[in-house]
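Read-outs: derived from the displayed coordinates by stated rules, not from any lab. Worth saying up front: this structure is predicted, and the values here are computed from it rather than measured. Every residue, glycine among them, receives a Cβ derived from its backbone with ideal geometry; neighbour counts consider all protein chains shown.
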Amino acid sequence: MEQARQVFRQLLDHATVADLRRASDGTRWTNEQLLFHMLFGYLIVRALLVLAHVFGRLPGPASAGFARLLDACRTPFHLINYAGSCAGARIIPSTRMAARFDRVIAVLQCRLDREPEAALRRGMQYPASWDPFFTGYLTLYDLYRYPARHFGYHRRQLTLPDPD
């Protein structure tokens, strides 16, 4: 998480307005919109952790049914995911993204430090059609790793100058 936080901050520190407005590679988003989407990957984990804590204590069929319901909604999800990042970059512009990223990382690190080992092994079913990193069943441990994997995937799609 700390490495992603540092990279995110470096990307924003070195990007010009023109860089941020340029199209990303392989998405319909601009670099700024894709950076918001990468931030959102961390923000959404907070909600996913709550779901995993609840469903992780319920019988397996409960989360499997919930995952099937979400899977059935994949078309509107993908539209909302795209449009949400377009709107999100306007609501939280690049000038405020780094501070927001810092805060969400701090919250997730604090939560992870407080998680009992047994809780990290519990999990639930997730809709595999929503994201390539949703592999069906995810433990809390997997959920804490998810945003870094998501971040790394999208990092390669940015067309920003390499800050190194």
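For this structure, a couple of remarks:
- Of the DSSP H helices in the chain, those whose Cα atoms cover at least 20 Å axially and whose Kyte score averages -0.5 or more: 31-55, 74-91, 94-114
- Protection proxy ranking, highest mean first, for peptides 133-144, 36-47: 36-47, 133-144, where packing is the per-residue count of other beta-carbon atoms within 10 Å, averaged.
- Between residue 137 and 126, the built amide H atoms are under 5 Å apart, and every one of these is 5 or more places off in sequence or on another chain.
- Cα-Cα pairs of the chain separated by more than 19 Å (percent): 56 percent
- Zone residues, the range 125-162, relative to residue 23, backbone N less than 18 Å from point 7 Å out along Cα-to-Cβ: 156-161
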